[in-house]
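Okay, so here's the structure we're looking at.
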Amino acid sequence: MNKLLQNPKVKKLLYFLGGLFVFFLLFNYLLMPWFVYSAEVQVPKVVGLQQEAAIKVLEDAGLNVFIGDTTFVETGFAKNAIILQKPHAGEIVKKGRRIFLVLSGGEPMADVPSLRGKSVTNARFALERVGLKIGEITEVSSDNPKDIIIAQQFVAGVKLKKGAYINVEVSSGQVEGNIEIPNLIGKSLTEAEKILNENFLKVGKINYQPSFDLLPNTVKDQYPSPGSKLNQGDAVDLFITKNVETKDEVTTREE
């Protein structure tokens, strides 16, 4: 027996079997219980916390963190706040478990479109397409056509929260003045200028037109028409005759 135990091959076999037995004992009584019965923790609530604070809370609890998607939400969550966690708060998990988090990108924003020159109806459609709404509509007298937007509360390109209202100013049309426009038809250009000056008005655009019946430089038509009312300093456009033997042309003079 002693001779057998002194055999090198037998010794190696015995050492191997002894080591295998020790490993079995360690695995069975130490390693397996650690895997199977490792510490468990309750998942803390981090929904509503900012990202850095949430990570700290989870790591202090012995959990790992995985940041998933960022999404926009209508209300209730500031930018970079946690809006979802999995596993949910209160669940019991093994220490080291990965917790999946979804961040808030803040409230959805929209670029303000240009509304100037649009009708109220078209402006409303333009705003609704980007998630905004038309607010208070104020009528303002101007030289622009009636019911056309001439000013908006926020300039085009500004970012606003979706659902925000934008106030606008709408043209109510030009306010009628208190100076009645004299009848200039049939007058010479010189006479027409004098009459307008006497009425605190001025000559606007002069359009030359050929005529076979009237002398050159005679007022053939005017705009606005006689009897209309303008404000002091406003202009009246004149259509003036010219010699028919000259080449047709239209010239415009602004005073």
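The values are calculated or read from the model by the stated rules, or taken from the named source; none is laboratory data. Keep in mind that this is a model prediction, so the values were computed, not measured. Every residue, glycine among them, receives a Cβ derived from its backbone with ideal geometry; neighbour counts consider all protein chains shown.
Things worth noting here:
- Residues within the range 69-89 that are assigned to a strand (DSSP E or B) and within 28 Å of L160 (Cβ to Cβ), tallied: 7
- Test: N217 is modelled with pLDDT of 95 or more, out of contact with any Phe, Trp or Tyr (no Cβ under 6 Å at 6 or more places or on another chain) and outside the structural domain of R129 (by TED's automatic domain parsing): no
- The criterion of at least 1 residues that are of a type in the set (D, E) and more than 30 Å from I55 (Cβ to Cβ) is met by the following strands (runs of 3 or more DSSP E) wholly inside the range 90-191: 109-111, 133-140, 165-171.
- Some residue of the range 211-229 being assigned to a loop (DSSP other than H, G, I, E, B) and among the basic types (K, R): no
- Checking each residue in the range 50-60 for being surrounded by 15 or more Cβ atoms within 10 Å (Cβ to Cβ), more than 14 Å from H88 (Cα to Cα) and of a type outside the set (V, I, T) picks out Q50, Q51.
- Check on S142, surrounded by 15 or more Cβ atoms within 10 Å (Cβ to Cβ) and among the small types (G, A, S): yes
- The number of residues in the range 61-93 that are of a type in the set (S, T, N, Q), surrounded by 13 or more Cβ atoms within 10 Å (Cβ to Cβ) and modelled with pLDDT under 90 comes to 3.
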